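Novice: Provided herewith is a single structure, encoded as C-alpha cells, for subsequent inquiry.
Bear in mind these aren't lab numbers, they're just calculated from the coordinates by the rules spelled out. Owing to the predicted nature of the structure, the values given are computational and were not obtained by experimental measurement. For neighbour counting, all protein chains shown are included, and Cβ atoms are generated from backbone atoms with ideal geometry for every residue, glycine included.
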Amino acid sequence: MDAWQDRSAPSLDEIAHLAEAARAALPPAFAGPAAAVVLRVEDFAPEALLVELEIDDPFELTGLYDGIPMTEKSVMDPGGPDVIWLFRRAILDEWVARGDVALDALVAHVFVHELAHHFGWSDGDIASIDRWWE
C-alpha cells in the first residue's frame, strides 16, 4: 500500500495555522506590530497581481506583503489593514522541490520575510541578515 494513499496536501487553513504559529513565536518586540497584520492564504496569487508584478509563473510567488511599511506610515494614510498573503500551492511546490526543509519552517520563513517588509525592511536588508535561502 502506498504511504500517501490516504493523505492529502495541507489545506489553506493548515498553512494559515503554521503561519500563526510562527507569529506566536515572535520575540515580544515584534509581536505587537505583527498582531495588527492580517493573514490571508490562497492557493495562488490573483492573475491581476501576477500581471502587475510581471510574474509569468504563479509558482514563483510564495508570499507578498500588501500595505504601507511602518517606517513610511503617516496619520494621513488610508485606514485599511496591512495584509500578508501566503500562496499555498507555490509554498508546497517549493517545499517539495527543496526536499531539505520542514514545511512549518518554510511557511514560517515566508511569513517572517513578508513581515519584515511590514517593519520597513527591503529585500536587500532581509537578504543581508537572512542566509536561509543559501
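Novice: Once you put a point 7 Å from the Cα of Leu53 and another 7 Å from the Cα of Val75, both along the Cβ direction, what distance in nm separates them?
Specialist: Reported label-point gap for Leu53 and Val75 is 3.4 nm.
Novice: Label Phe30 and Val101 with points 7 Å out from Cα along Cα→Cβ: what is the distance between them in nm?
Specialist: Inter-label distance under the simple model: 1.4 nm.
Novice: Still on this structure, I have one more. Residues with amide H under 5 Å of Gly63's amide H, sequence separation 5 or more or different chain, H placed in the peptide plane at 1.01 Å from N; which?
Specialist: Placed amide hydrogens put Phe87 under 5 Å from Gly63.
Novice: In terms of modelled amide H atoms, which long-range or inter-chain residues lie less than 5 Å from the amide H of Asp82?
Specialist: Sorted by chain and number, the residues that satisfy this are Val38.
Novice: Something else about it: With only alpha-carbon atoms in the gyration tensor, what are the semi-axes of the equivalent ellipsoid for the stretch 25-134, in Å, largest first?
Specialist: Gyration-tensor ellipsoid for the stretch 25-134: 23, 18, 13 Å.
Novice: Let me check against my output: what whole-number percent is the relative contact order of the stretch 28-134, with C-alpha pairs under 8 Å and at least 6 apart?
Specialist: Relative contact order here is 31 percent.
Novice: Put a dot 7 Å past each Cα toward the Cβ at Arg40 and Asp13; how far apart are the dots in nm?
Specialist: Going by the 7 Å Cα→Cβ label model, 2.0 nm.
Novice: For the stretch 58-119, what is the Kirkwood estimate of the hydrodynamic radius, computed as the reciprocal of the mean inverse distance between distinct Cα atoms, to one decimal in Å?
Specialist: It works out to 12.7 Å.
Novice: Counting helices only, and only those DSSP H runs with n ≥ 4, report the 222 nm mean residue ellipticity of the chain as the sum of -39,500 (n - 2.57) divided by its residues, in deg cm²/dmol to the nearest 500.
Specialist: Here the helix-only value at 222 nm equals -13500 deg cm²/dmol.
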